[in-house]
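In what follows, a structure is listed as structure tokens, so that the remarks can point back to it.
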Amino acid sequence: MIIRKAFRYRLYPTAEQEQALAVQFGHARFIWNWALALRKAAYNETGKGIGYCKLKRQATALKYQAGTEWLKEADSQVIQAKIQDLERAYKNFFERRAKFPRFKSKRDGQSIRYPQRFKFDENSTYLPKIGWVKTKFHRPLEGRPKNITVSKTKTDKYFVSIQCEVEMIDRPARGGEIGIDLGIKSFLATSEGWKRDNPRHLQQAEKKLKRLHRQLSRRVKGSAGREKARILLARQYEKVANQRMDFLQKLSTKLIGRYGLIGMEDLNVRGMVKNRRLAKAISATGGGMFRLMARI
């Protein structure tokens, strides 16, 4: 059985490469916002949207129009991939898997996708119109690479996510069954009688987060001090997210390796977070993500 698996590695671009990436991020963001505005305007006028093929032709024509000739600097496949991303976002919205697509700004996480023409060597990744970028391959790359996504986080870190086709090896059947009840005070309680306490990563970091928020609010907008304060705050949130993800991955891996059948309650997380008193605690536990990870 062939599945698609993602491998994520840290990138270390030079100052010149960061500038080149900023250009690609900016062009991709412009195309997303342009295509979204065009689709919304068309729907308001005609009651119908615009398909991917028509948007792709109009995006190509933009390169030769007055005022948008600078789009020639963008990689053509990056532009096409961004239009595909918008098409997928609309599909997810109509199938009730996501909210309606919104316009993007520099403050959002920035990303571009290359479906072709990327290459790898021992310690670097080749990106079209960027060049060879130093990469930390902390684990071996498996399978056949199909596409890559380059992203920049709010803490100014760069990553490349490589989607590969990997042959899934059938594992021997595991015995044992267990039922799990998710909660807030205790993250989970099992049918065997043991519990796992909620680590409360967000609650433990709240004092520091409040202090960093105050520091950010006191800085002058547009100043270097405010940008420094913003990065410090973003890094703290990133640390909390990494701690939560590490906890969920280790716990789910332990359960999957031990039991052949895991029974878990069907949580309506969207409905639960509407309770103002419990919304913060429910969101901080990551129960929805845990259910996805614990699937066998």
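The values are calculated or read from the model by the stated rules, or taken from the named source; none is laboratory data. Owing to the predicted nature of the structure, the values given are computational and were not obtained by experimental measurement. Positions of Cβ are generated from backbone atoms using ideal geometry, with glycine treated the same way; all protein chains shown enter the neighbour counts.
Which members of segment 54-80 meet the condition of being under 20 Å from Q116 (Cβ atoms), aliphatic (A, V, I, L, M) and either in contact (Cβ under 8 Å) with a residue 60 or more places away in the chain or surrounded by fewer than 15 Cβ atoms within 10 Å (Cβ to Cβ) (or both)?
Across segment 54-80, there are no qualifying residues.
Does segment 109-137 hold any residues that are outside any strand (DSSP E or B) and either within 23 Å of S76 (Cα to Cα) or of a type in the set (D, E) (or both), and which are they? It would help to see each step written out before you state the result.
In the first step, residues of segment 109-137 are kept if they are outside any strand (DSSP E or B); the result is 109, 115-118, 121-123, 128-130, 137.
Listed by number, the residues that qualify are G109, P115, Q116, R117, F118, D121, E122, P128, K129, I130.
For segment 171-187, which positions are without any contact (Cβ under 8 Å) to a residue 12 or more places away in the chain and more than 27 Å from Y9 (Cβ to Cβ)? I'd like the intermediate steps shown before the answer.
From segment 171-187, those without any contact (Cβ under 8 Å) to a residue 12 or more places away in the chain are 171-172; that's our starting set.
P172, the sole residue that qualifies.
Scan segment 200-222 and give yes if some residue there is touching a residue at least 40 places away in the same chain (Cβ under 8 Å) and at positive phi, otherwise no.
So in segment 200-222, the residues touching a residue at least 40 places away in the same chain (Cβ under 8 Å) come out as 200-203.
Checking which are at positive phi leaves us with 200.
Yes, because at least one residue in segment 200-222 is touching a residue at least 40 places away in the same chain (Cβ under 8 Å) and at positive phi.
Check S191 against each of (1) of a type in the set (S, T, N, Q); (2) modelled with pLDDT under 85; (3) over 26 Å from K152 (Cβ atoms) and name the one condition it does not meet.
With (1) of a type in the set (S, T, N, Q); (2) modelled with pLDDT under 85; (3) over 26 Å from K152 (Cβ atoms) applied to S191, the lone miss is (2).
Filtering segment 217-231 down to residues that are among the basic types (K, R) and over 27 Å from the mean Cα position of the chain (by Cα), which residue is surrounded by the fewest Cβ atoms within 10 Å (Cβ to Cβ)? Step through it out loud before you land on a result.
Keep residues of segment 217-231 that are among the basic types (K, R), which gives 218-219, 221, 226, 228, 230.
Of the ones still in play, those that are also over 27 Å from the mean Cα position of the chain (by Cα) are 218-219, 221.
Values: R218: 10, R219: 15, K221: 5.
For segment 217-231, the residue satisfying everything is K221.
Table: residues versus (1) surrounded by 11 or more Cβ atoms within 10 Å (Cβ to Cβ); (2) at pLDDT 95 or above.
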| position | (1), (2) |
| --- | --- |
| D108 | yes, no |
| D121 | no, no |
| T125 | yes, yes |
| K129 | yes, no |
| W132 | yes, yes |
| T135 | yes, yes |
| L141 | yes, no |
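Could you identify the single residue in I184, I112 that is under 22 Å from E238 (Cα atoms), within 18 Å of the chain's Cα centre (by Cα) and either surrounded by 15 or more Cβ atoms within 10 Å (Cβ to Cβ) or among the hydrophobic types (A, V, I, L, M, F, W, C) (or both)?
Numbers: I184 fails: within 18 Å of the chain's Cα centre (by Cα).
Of the residues listed, the single one that is under 22 Å from E238 (Cα atoms), within 18 Å of the chain's Cα centre (by Cα) and either surrounded by 15 or more Cβ atoms within 10 Å (Cβ to Cβ) or among the hydrophobic types (A, V, I, L, M, F, W, C) (or both) is I112.
Condition first: free of Cβ contacts under 8 Å to residues at least 12 places away in the same chain, of a type in the set (K, R) and within 29 Å of E18 (Cβ to Cβ). Can you find one or more residues in segment 134-156 that meet it? Full working, then the answer.
Taking segment 134-156 as the starting set, the residues that turn out to be free of Cβ contacts under 8 Å to residues at least 12 places away in the same chain are 140.
Keeping just the survivors that are of a type in the set (K, R) gives none.
No, there is no match, as no residue in segment 134-156 is free of Cβ contacts under 8 Å to residues at least 12 places away in the same chain, of a type in the set (K, R) and within 29 Å of E18 (Cβ to Cβ).
Which of the helices (runs of 4 or more DSSP H) contained wholly in segment 6-97 include at least 2 residues that are within 30 Å of H138 (Cβ to Cβ)? Please lay out each step first, then the result.
Details: elements: 15-46, 52-62, 76-94.
Helices (runs of 4 or more DSSP H) meeting the threshold: 15-46, 76-94.
On the given criteria, is P140 over 27 Å from V240 (Cβ atoms), assigned to a loop (DSSP other than H, G, I, E, B) and either in the same structural domain as Y114 (by TED's automatic domain parsing) or not charged (D, E, K, R) (or both)? Reasoning before the result, please.
Numbers: over 27 Å from V240 (Cβ atoms): yes; assigned to a loop (DSSP other than H, G, I, E, B): yes; either in the same structural domain as Y114 (by TED's automatic domain parsing) or not charged (D, E, K, R) (or both): yes.
Yes.
Which residue is nearest to K195 (Cα to Cα), if the candidates are limited to segment 239-254 and must be surrounded by 15 or more Cβ atoms within 10 Å (Cβ to Cβ) and within 16 Å of the chain's Cα centre (by Cα)?
This residue is R244.
What pairs come out if I take residues in segment 81-102 that are in the same structural domain as Q116 (by TED's automatic domain parsing) and pair them with residues that are of a type in the set (K, R) whose C-beta lies under 6 Å away, six or more apart or interchain?
A81/R113; I83/K56
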